[in-house]
Every structure is written in structure tokens, then in C-alpha cells.
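A.B. asks: Below are the C-alpha cells for one structure; questions will follow.
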Amino acid sequence: MTTTTVNPVLRVAPASPSVAAAHFRASLALYTDVSDVAAALAFGDGPGFVLVDSRSAQAWDQGHVPGALHLPTADIAQRAADLLDPAVPVVTYCWGPGCDGAARAALALAQLGYRVKEMLGGFEYWVREGFAYGTPRGRQRRAADPLTTVVESEACGC
């Protein structure tokens, strides 16, 4: 008797190109990443969206993306209308990939009628990619993590 080994990646066949394109288009309509947010925040005319930090006051004070609006998820229902323009898209973030706070904030905002995306990686990846962040002591920056972004090396002359 011959035993066939099934490739675990291809056990379920890949989607057709049209199904895959629809899926990834929908994904990009819902998510963005920290590098794209950083690039958009650097635009001279503004990013075209409001960046919302949905974490607690203690987390905000520990560090936040400069230019972000602090709006904890628990306060969205009461404060969003006073702070956000429904015509301007919103991008939410929380701690990082292990936290669903940004998704909960995005859901709360979407249910109020806002167009919203989630910033993948959250504050953790903002810091890990070497972008400056705000604290009560002013702006700070950590060295970029070579596992998350390209880091120029003086040793190799890159």
C-alpha cells in the first residue's frame, strides 16, 4: 500500500485569482500598516485621515504616535461626534498584534457611521520600526528592529 503525503499548504487549493483579488482588495480597504501611516502623516497637506489611539490614558502616557487623537474605545460612543468629522476617514490603533482594541474601536466607529481602517501592528510596531513617539517627557525614538524593517549597517557599508 502506498501512502501519499499531503502538502499542508496545498491541502486546500488556493483561491482563484478573481476570488483572491476580491479578498485582498477588501483587506486593504480595512487595514493599513505603520509604514504607510508614517508616510501619510509626513505629507505636507495632512494625511487625509484622523489617527485614533484607542488605549487607556496610562498607555497613552507611556507612548503614542505623534499627531494621534486619544479616544479610548470606552469613550467613543460619547465623544466621537464632538471630536471627529464623519466625512474624514479614521485609522485606529492599540498596543499591537496581540491586542484587539483597535478592532473594537474600529467597530464602534463604523457602527456610528465613520469610514475606518485599522493600523496593523499598533503602537508596538510603530516603535519597533524606529518611528518617533510622544510621551509626557517629549518625543522619543528607539532603534529600529531589524526583524521588522531594513536597518542600514555601518559594518557592511549599506
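The values are calculated or read from the model by the stated rules, or taken from the named source; none is laboratory data. Being a predicted model, the structure only gives us computed values, none of them experimental. Neighbour counts run over all protein chains shown; Cβ positions are idealised from the backbone, glycine included. Heavy atoms of the whole protein, side chains included, go into the accessibility calculation; ligands, DNA and RNA do not. Shrake-Rupley method; radii C 1.70, N 1.55, O 1.52, S 1.80 Å.
A.B. asks: State all residues of region 9-27 that are loosely packed, with under 10 Cβ neighbours inside 10 Å and either aliphatic (A, V, I, L, M) or assigned to a loop (DSSP other than H, G, I, E, B) (or both); if no residue qualifies, say none.
C.D. replies: Those that are loosely packed, with under 10 Cβ neighbours inside 10 Å and either aliphatic (A, V, I, L, M) or assigned to a loop (DSSP other than H, G, I, E, B) (or both): Val9, Leu10, Arg11, Val12, Ala13, Pro14, Ser16.
To keep it simple, each residue is scored yes or no on (1) part of a loop (DSSP other than H, G, I, E, B); (2) under 17 Å from Arg55 (Cα atoms); (3) in contact (Cβ under 8 Å) with a residue 12 or more places away in the chain; (4) out of contact with any Lys or Arg (no Cβ under 8 Å at 6 or more places or on another chain).
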site: Val88; (1), (2), (3), (4): yes, no, yes, yes
site: Gly113; (1), (2), (3), (4): yes, no, yes, yes
site: Arg139; (1), (2), (3), (4): no, no, yes, yes
site: Val150; (1), (2), (3), (4): yes, no, no, yes
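A.B. asks: Right, another one. For Gly134, state whether it is within 16 Å of Ala38 (Cβ to Cβ), open to solvent by less than 30 Å² (accessible area, probe 1.4 Å) and either part of a loop (DSSP other than H, G, I, E, B) or modelled with pLDDT under 95 (or both).
C.D. replies: no
A.B. asks: Quick check on region 127-137: of everything there that is in contact (Cβ under 8 Å) with a residue 12 or more places away in the chain and not small (Gly, Ala, Ser), which residue is nearest to Ala42 (Cα to Cα)?
C.D. replies: Phe131
A.B. asks: Here's something else I'd like to know. Inside region 97-110, can you point out the residues that are closer than 16 Å to Pro72 by Cα, open to solvent by 80 Å² or more (accessible area, probe 1.4 Å) and free of Cβ contacts under 8 Å to residues at least 40 places away in the same chain?
C.D. replies: Asp100, Leu107
A.B. asks: To continue, here is another question. Hey, can you tell me all the residues within region 66-83 that are open to solvent by 80 Å² or more (accessible area, probe 1.4 Å) and of a type in the set (S, T, N, Q)?
C.D. replies: Hit for region 66-83 is Gln78, nothing else.
A.B. asks: Counting only residues that are outside any helix (DSSP H, G or I) and over 18 Å from the mean Cα position of the chain (by Cα), how many does region 66-86 have? Give the derivation first.
C.D. replies: Restricting attention to region 66-86, the residues satisfying the condition of being outside any helix (DSSP H, G or I) are 66-72, 84-86.
Retained after the next criterion (residues that are over 18 Å from the mean Cα position of the chain (by Cα)): 84-86.
Qualifying residue count, region 66-86: 3.
A.B. asks: Another question, if that's okay. Could you check region 1-40 and list, in sequence order, the residues that are among the hydroxyl-bearing types (Ser, Thr, Tyr), touching a strand residue (DSSP E or B) at 6+ places or on another chain (Cβ under 6 Å) and within 18 Å of Val127 (Cα to Cα)?
C.D. replies: Hit for region 1-40 is Thr32, nothing else.
One line per residue, one yes/no per condition, for (1) at pLDDT below 95; (2) farther than 23 Å from Val151 by Cα:
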{"residue": "Gly44", "(1), (2)": "yes, yes"}
{"residue": "Ala59", "(1), (2)": "no, yes"}
{"residue": "Val88", "(1), (2)": "no, yes"}
{"residue": "Thr92", "(1), (2)": "no, yes"}
{"residue": "Gly121", "(1), (2)": "no, no"}
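A.B. asks: On to the next question. Name, by its number, the condition in (1) touching a His at 6+ places or on another chain (Cβ under 7 Å); (2) open to solvent by 40 Å² or more (accessible area, probe 1.4 Å) that does not hold for Val6.
C.D. replies: The failed condition is (1).
A.B. asks: Picking from Gly101, Gly113, which residue would you name as being at positive phi and either over 14 Å from the mean Cα position of the chain (by Cα) or small (Gly, Ala, Ser) (or both)?
C.D. replies: That would be Gly113, the only listed residue that is at positive phi and either over 14 Å from the mean Cα position of the chain (by Cα) or small (Gly, Ala, Ser) (or both).
A.B. asks: May I ask you to list the residues in region 39-65 that are open to solvent by less than 40 Å² (accessible area, probe 1.4 Å), more than 14 Å from the chain's Cα centre (by Cα) and farther than 18 Å from Tyr114 by Cβ?
C.D. replies: Of everything in region 39-65, those that are open to solvent by less than 40 Å² (accessible area, probe 1.4 Å), more than 14 Å from the chain's Cα centre (by Cα) and farther than 18 Å from Tyr114 by Cβ turn out to be Ala59, Gly63.
A.B. asks: Sticking with this structure for a sec: Just checking, how many residues over region 41-58 are among the small types (Gly, Ala, Ser) and under 15 Å from Gly121 (Cβ atoms)?
C.D. replies: Total satisfying the criteria: 1.
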